[in-house]
Amino acid sequence: MLDPGTRLASMKVEHLAAPGVRALTPYLPGKPISELERELGLSTIVKLASNENPRGPSPKALEAARRALSESHLYPDGGGFELKAALSAKLNVRPEQITLGNGSNDVLELVARVFLSAESKAIYSEYAFAIYPIVTQAVGAKAAVAPAHDGSRGPRYGHDLQAMAQRVDETTRLVFIANPNNPTGTYLTKSELRGFLDHLPKDVVAVVDEAYFEYVDAPDYPDCIAWLPDFPNLIVTRTFSKAYGLAGLRVGYAVSSPSIADLLNRVRQPFNVNSAALEAAKAALEDEEHLIHSVNLNRAGLVQLCEAFAARELSFIPSVGNFVTVDVAKPATPVYDALLRQGVIVRPVGNYGLPNHLRVTVGTEEENRIFLDALDRVLAL
Ligand SMILES: *Cc1c(COP(=O)(O)O)cnc(C)c1O
């Protein structure tokens, strides 16, 4: 036997990783403002790259977080009793149906760990949110990627539920559905999604990711939490990161049957949501006015951006979220880089298979204007 030192030196440490992990490409986050400041020495930077709320958090949420900080020597309430009680009252579900996460990404990972293994398969759509492939691969499960709509039977780039249903077989345990989807902003209607769930085998768990729920005002957009009594195999996830403006504190949740919540709870880290996040989220829920203002600001900003794209004859994917993905009609990475030099951070989505598109978060009216002016300068070059 080789001595341990020689043995380790003769192999690459990455070969020790589980196969799914070895093949992973890490999630690519939006560029932080501080990074661009360091790189370019710019002082005024507009970040429209991570679908954050341009109004910031509710002042009441901030105040609650500050109060919680003075108790930082104590562990958080691992059961999240008060936040669950507040969510339970608001959503008309029982507290036992709620699983809290360190952002809803945390919950999505718990779901993958509970329901997937090397023997099973998850289904998601082309152009779907990047976390689904990551959590699926990380646990060594197989993935079936359903082609998105080509525009003939549903909104181009949107989830094609028929194509997703066709991929269900005996090994399928999970289907990930983003409604609306990021980065496309497309959504599934009540009747489409209901029909899909009605026909989904009961031994397949459907995850409906409603991260942008609060922003959507389309009359045929479903509230899947209301359907939970009909589907013991349904999990709905939501977050405080987007409309509630608490992305930096990391808090999201799943609502499901109590049995699924119990399973998720078995793999959850006992203190996955910190005290400041728990308190801020609870206070944010109570600040209805801040939420309404945020949603209204988004609505106006979305119109501002879409009208500006149309005026420039740039096609974009119609969005119901707080972002819009625009086709710049040429490779988008140089446009992204040139925008960075103008102090504007947006999101290239080539990693999603959209090499000519940029995803732009809806900012304040002024931020949107700064972005559009910068885009004009860049596209004129
Ligand atoms: C932003 C986003 C999330 C939420 O992420 P958090 O971990 O809650 O910050 C989840 N799903 C989609 C589709 C998203 O775009």
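The values are calculated or read from the model by the stated rules, or taken from the named source; none is laboratory data. This structure is a prediction, so every number in the text was calculated from the model and none was measured. Please note: Cβ atoms are built from the backbone with ideal geometry, for glycine as well, and neighbour counts cover all protein chains shown. We work out accessible area using only protein heavy atoms, side chains counted, and drop any ligands, DNA or RNA first. Shrake-Rupley method; radii C 1.70, N 1.55, O 1.52, S 1.80 Å.
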Checked 329, 338, 281, 308 against criteria (open to solvent by 40 Å² or more (accessible area, probe 1.4 Å) and small (Gly, Ala, Ser)); the one match is 329
Got a number for residues in region 20-43 being open to solvent by 90 Å² or more (accessible area, probe 1.4 Å) and assigned to a helix (DSSP H, G or I)? 3
Sort out which residues of region 230-241 are surrounded by 19 or more Cβ atoms within 10 Å (Cβ to Cβ) and either in contact with a helix residue (DSSP H, G or I) (Cβ under 7 Å, 6 or more places away or on another chain) or part of a helix (DSSP H, G or I) (or both), and write them in order of number. 231, 234, 235, 236, 237, 238, 239, 240
Inside region 102-123, the number of residues satisfying the requirement of being open to solvent by less than 20 Å² (accessible area, probe 1.4 Å), over 13 Å from the mean Cα position of the chain (by Cα) and not aliphatic (A, V, I, L, M) is 1
Flagged in region 230-253 as more than 13 Å from the chain's Cα centre (by Cα) and within 16 Å of the ligand (Cβ to nearest atom), in numbering order, are 235, 244, 245, 246, 248, 249
Any residue at all in region 292-313 that is assigned to a loop (DSSP other than H, G, I, E, B) and either over 16 Å from residue 57 (Cα atoms) or within 16 Å of the ligand (Cβ to nearest atom) (or both)? yes
Selection over region 48-66 where residues are open to solvent by 40 Å² or more (accessible area, probe 1.4 Å) and over 28 Å from residue 369 (Cβ atoms) yields a count of 3
For region 116-128, check the following and say yes or no: at least one residue is in contact with a helix residue (DSSP H, G or I) (Cβ under 6 Å, 6 or more places away or on another chain) and over 30 Å from residue 172 (Cβ atoms). no
Name the single residue, out of those in region 205-229 being away from the ligand (no atom under 11 Å from the Cβ) and closer than 17 Å to residue 175 by Cα, that is surrounded by the most Cβ atoms within 10 Å (Cβ to Cβ). 224
Test result for residue 356, in a helix (DSSP H, G or I), of a type outside the set (Gly, Ala, Ser) and under 22 Å from the mean Cα position of the chain (by Cα): no
